[in-house]
Amino acid sequence: MIEEKTREPQQEAPSAPQRPSTGKEKLRSLWARLECVGVLRRHRIRNGAKRGMGRALRLLVSNPFLHKLGGMLYALGFAGEYTTVRIGRAIRAAAFWTGRTFWTELSNIIQMAFPEVKLVLKELFGPFYIFFRGLRNIYLYGRQIRREKGLGAAVRESLCYLGRGVMRYVGLLPRTAAYILPLCALGLLVVVVRYVISQPYTLAVQVDGVTVGYVENEGVFDSAREAVLERINYAGASQTEWTIEPTYTLAVAGDVMDERQMADTILRTASDEISEGTALYLDGELTAVCADGDQLRYYIDSLLEPYENADDPNQTVSFNREVTLEDGIYFNESFKSYEDIVNYLSGVQQAQKVYTVMEGDSISLIASKNNLTVAELCALNTDIGLNIDSAIFPGDQIIVTKEEAVLEIRITRTVTWEEEIPFTTEKSSSSDYAFGTTKTIQEGEPGIRSITAQNVYDENGVLLEQQILSSEVVKEAVPRKIVTGTKLPSGSVAQVGNGTFIWPVPQYTYCSRWYSSGHKGVDICAPAGTPIYASSSGVVTKAGYERAGAGTGYGNSIIINHGNGYSTLYSHCLSLTVSAGQAVSQGQLIGYVGSTGRSTGNHCHFEIRYNGKYLPPQNYFNK
């Protein structure tokens, strides 16, 4: 029997005495319970959402309609993709077939038309094809051997392979040489031709059988010969003793001569009465030859130095004539002393000439006598203010030739300044303003123009010449705009026959007398000097005082013929601004209100006539 042991109850350890709970601890305990409740609730919500989504997915998956729809979409996509691939393959195959067929047919046509072309191409390029194919095979064979047995074995096997290839195709070498040798000959020919063309070919000049030098072309020698003849003339020698007839030979020489060097060489060859010196040319003409060229250069530079300014790039200094110094070979008789040359350069080449006025002379006659224009003559006498209208008397002296030095200083400056561009006035008309009034709607403003010019002065600062280099508008001018009013008072426009007539004094409509049996027009009252305007366009047939105008008693009057039998009359005017035979337009100023002739006050007597008959203006204009 199993004895059942009974376990005695263990005695519990005495627990620590519990502290009575405070208010804060109760609040913490309550907050902890609330947090637990919130966490559990959020957890339940998330689990519920997941379970809902799962049920929805299961419903969708188990829906047979969706299964069919998915299958249809998949089949449609696969069919479209496969169809596209098949079309691409068909296009590519068609392109390959077309190209292959075209090439085959083209080859057949060429072979039929030129049966020997294939054979020629094979004979011409066959050896080269075999050669390059052999190189490729050697490379592939050597690479394989290198992988299997190493570099040394690859080199040996490649050389052996090459030897076998040479022995096999050695018979192609003569055929290959037959093509290579002509190509080499052609290349050699091209090299030789290029070398020959690139050589510096010149002309060897021979005078009396002696080669005097080399020039680029015949023109250089011709210029040198002219220089030699100029030196001969300056020295006083006879040209008949110097007959320079050269012969030319084509030669290869790198050292060619210019005109001056060739002239020196010719003189050295032809004469022994020569020496080295420096020639002075003024405006290209040989003027003097000096033995001391350095001193002459220093003197000429010293004339310019006082006027030069290295800090001003816009200023240059030169002479009134082109001065050139050239070293060369010259005849001994040509040389002058340095002092004589300086005295010549510092002197005058043209003295001042004065003309004494004689009886019957005029400005134009004096200019003609001295081969001058009137403007040139007046420019020579600016100090006395001579002009075409000047009065001259016998015994007066006028400069006809100005003194001019051999060398004069010319100072050239590039200057820039601004000038004002005057504004224009634009006139227009507007019906927004009363007839005859003018209003400036825009004030004019002048513009600004920047001008750059090259001025030439003498050593005293007198302006001799000006050349405009550029002109640029910095600021455009603003035109002044004036509007003339065309608005007429009510009743100032009338339709008479086929024409339109306006009231001749638009601002004044009061009439002291209207048309009647004893008065053939209307008297428009207005102050003296009030403008009178043409009632319509036409031609002035009469304009003047009394009989020169409309007749006795009308004073200053005007008659205008408007065509189609119509005419108008304006009388008693203070003054007139038009004349007979003048064409006028409607609204044009023709005179001013006055009281001339038989009149008792300032007014404009206005009449309208048709084929000589008087028309009452009040029937056409509103009173």
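Every read-out reported here was derived from the displayed coordinates using simple, explicitly stated rules and does not represent laboratory data. Predicted model, so just to flag it, every value in this text is computed and none were measured. Note that each Cβ is placed from the backbone with ideal geometry, even for glycine, and that neighbours are counted across all protein chains shown.
For region 526-578 and region 380-411, what is the separation of their Cα centres, given in Å?
The two parts, judged by their Cα centres, are 56 Å apart.
Sort the following peptides by mean Cβ neighbour count (other Cβ atoms within 10 Å, averaged over residues), highest first: 441-450, 272-281, 102-111.
Highest-to-lowest ranking by the protection proxy: 272-281, 441-450, 102-111.
If you place +1 on the Cβ of every Lys and Arg and -1 on the Cβ of every Asp and Glu, how big does the dipole about the Cα centre of region 411-482 come out, in debye to the nearest 20?
380 debye
Order by neighbour count: SER368, SER567, fewest other Cβ atoms within 10 Å first, most last. Display every interim value, and only then the final one.
Working: SER368 13, SER567 22.
By the 10 Å Cβ count, ascending: SER368, SER567.
Can you order the peptides 288-294, 557-563 by their average number of other Cβ atoms within 10 Å per residue, highest first?
Listed from highest to lowest mean packing, they are 557-563, 288-294.
Taking all pairs of distinct Cα atoms, average 1/r, flip it, and tell me the Kirkwood hydrodynamic radius of region 383-498 in Å to one decimal place.
Final number for the Kirkwood radius of region 383-498 is 20.7 Å.
Could you give me the radius of gyration and the Dmax of region 352-402, taking only the C-alpha atoms into account and expressing both in angstrom?
9.5, 24
With point charges of +1 on the Cβ of Lys and Arg and -1 on the Cβ of Asp and Glu, referenced to the Cα centre of region 260-362, which listed residue (SER334, THR324, TYR299) lies farthest in the positive direction of the dipole?
SER334
Calculate, in nm to one decimal, what GLU333 and ALA95 gain on full extension: separation in residues at 0.36 nm each, minus their alpha carbon distance. Walk me through the intermediate numbers first.
Working: separation 238, 0.36 × 238 = 85.68 nm, distance 9.51 nm.
76.2 nm is the gain from fully extending GLU333 to ALA95.
Can you give me the Rg/Rh ratio for region 489-619, using Cα atoms for both radii and the Kirkwood formula for Rh?
The Rg/Rh ratio comes out at 0.91.
Using only the alpha-carbon atoms of region 269-349 as identical scatterers, what base-10 log of I(q)/I(0) does the Debye formula give at q = 0.18, 0.19, 0.22 Å⁻¹?
-0.80, -0.87, -1.07
How large is the translational diffusion coefficient of region 432-508 in µm² per second when you combine the Kirkwood radius over alpha carbon pairs with Stokes-Einstein at 4 °C and 1.567 mPa s?
D, rounded to a whole number, is 73 µm²/s.
What is the gain in length, in nm to one decimal, between PHE132 and SER107 on full extension, counting 0.36 nm per residue of separation less the C-alpha to C-alpha distance?
Computed gain between PHE132 and SER107 is 6.6 nm.
Please compute P(r) over all alpha-carbon pairs of region 341-428, binned at 5 Å starting from zero, and give each bin as a whole-number percent.
3, 11, 16, 15, 10, 11, 11, 10, 7, 4, 2, 1, 1, 0, 0
Between ASN564 and ALA153, what is the spin-label point distance in nm, taking each point 7 Å from the Cα along the Cα→C-beta axis?
The two pseudo-label positions are separated by 12.5 nm.
So which GluC sites (Glu not before Pro) in region 460-565 pass both tests, a DSSP loop state and at most 15 other Cβ atoms within 10 Å of the Cβ?
Qualifying residues, ordered by number: GLU476.
Write down the Å³ per residue value for the convex hull defined by the alpha carbon atoms of region 323-371. Mind showing how you got there, number by number?
Numbers: hull volume 7.8 nm³, N = 49.
Taking only Cα atoms, region 323-371 has a hull volume of 159 Å³ per residue.
Note down, for region 418-570, the three equivalent ellipsoid semi-axes (square root of 5 times each alpha carbon gyration tensor eigenvalue), biggest first, whole angstrom.
52, 21, 14
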